[in-house]
1. Hey, can you grab everything whose amide H is under 5 Å from the amide H of ILE166? Only 5+ residues off in sequence or another chain; H modelled, so Pro and N-termini drop out.
2. Sort LEU92, LEU111, LEU21 by heavy-atom solvent-accessible area, probe 1.4 angstrom, most to least.
3. Which whole-angstrom value gives the distance between the alpha carbon centres of the stretch 52-87 and the stretch 180-218?
4. How would you order 81-90, 56-65 from highest to lowest mean count of nearby Cβ atoms within 10 Å?
5. Using a 1.4 Å probe, how large is the accessible area of TRP218, given in Å² and rounded to the nearest 10?
6. Report ASP48's accessible area, 1.4 Å probe, all protein chains in place, as a number in Å² to the nearest 10.
7. Just to verify a number: what accessible area does PHE100 come out at with the full protein assembly present, 1.4 Å probe, Å² rounded to tens?
8. Straight-line reach from LYS90: which aspartates and glutamates have a Cα under 13 Å away, not including same-chain ones fewer than 8 places off?
Amino acid sequence: MPRALVTGGNRGIGYAMAQDLLARGCDVVIGVRDAQAGAAAAAALGCDWVHLDLEDTSTFAPAIEAAGGIDILINNAGILIEDSMVTHPKGLRRSMQVMFHAPFELILLCLPHMAQTGQGRIINVSSGWGAFDEGLEGPGGYGVAKAALNALSHALPRDLPKGVSINAMCPGWVHTRMGGQAAPRTPEEGADTAIWLALDAPANVTGKFFRDRQEKAW
Ligand SMILES: NC(=O)c1ccc[n+]([C@@H]2O[C@H](COP(=O)([O-])OP(=O)(O)OC[C@H]3O[C@@H](n4cnc5c(N)ncnc54)[C@H](OP(=O)(O)O)[C@@H]3O)[C@@H](O)[C@H]2O)c1
């Protein structure tokens, strides 16, 4: 029974991911920045939760220690700050912290256990807005941060321990607080490719970018 950590698992796509992983028999812990939301979501899901605020680096090591040995890390939490990068540069800095720096630090903290067991799967939840192939669209610094996360997902395999994979995925346009009411996909549909990468994709698939279980261009 692999132990899986889903960041931002208290709502949206992360919640659906936690639900799906539990249904598949995984031992799940959600990483949540708000204690009340974390406790409520974990109780509804029937899983564990740890306090993890991706803008507060002091929470990282205690969260990973409390979570126990993580076999599957899903870097799902994200923010969409629409302000101009020029007039509101803090937005880009926050986007990079939540969607690039924090995922990298969590990977580093999870790697010793993965190296020890010789297996581990890291899934970075990205976006088509972070794909050069799709024009790096999206407002503010969102796409820049996702492009950096994509670059990490592409380059890190050369330095990962044997048996550990890392991939990026795009959930599509999903009906969540971030995606909005008009989005055509359910959170469950948005979660599907990440769950496939976590449990079903061949173990040697690494350094790639997926949408709808299909490899896509960066
Ligand atoms: N929805 C879409 O159409 C779409 C499309 C492409 C990619 N994505 C990506 O999919 C992922 C999930 O998005 P979603 O649509 O489910 O968004 P969402 O409903 O807005 O949920 C975002 C989650 O991230 C958490 N989060 C934000 N900042 C955090 C921080 N500093 N520390 C810890 N957790 C934090 C939120 O926690 P709080 O509840 O505390 O705010 C929430 O759990 C994101 O990476 C997003 O970029 C979404």
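The values are calculated or read from the model by the stated rules, or taken from the named source; none is laboratory data. The structure presented is a predicted model; accordingly, all values stated were derived computationally and were not measured. A quick note on method: Cβ atoms are made from the backbone with ideal geometry, for glycine too, and the neighbour counts reach across all protein chains shown. The area values use the complete protein model at the heavy-atom level, side chains included, leaving out ligands, DNA and RNA. Shrake-Rupley method; radii C 1.70, N 1.55, O 1.52, S 1.80 Å.
1. ILE122, GLY207
2. LEU92, LEU111, LEU21
3. The stretch 52-87 and the stretch 180-218 have Cα centres spaced 20 Å from each other.
4. 56-65, 81-90
5. That residue has around 70 Å² of solvent-accessible surface.
6. It works out to around 70 Å².
7. Solvent-accessible area, nearest 10 Å²: 40 Å².
8. Reachable aspartates and glutamates: GLU55, GLU82.
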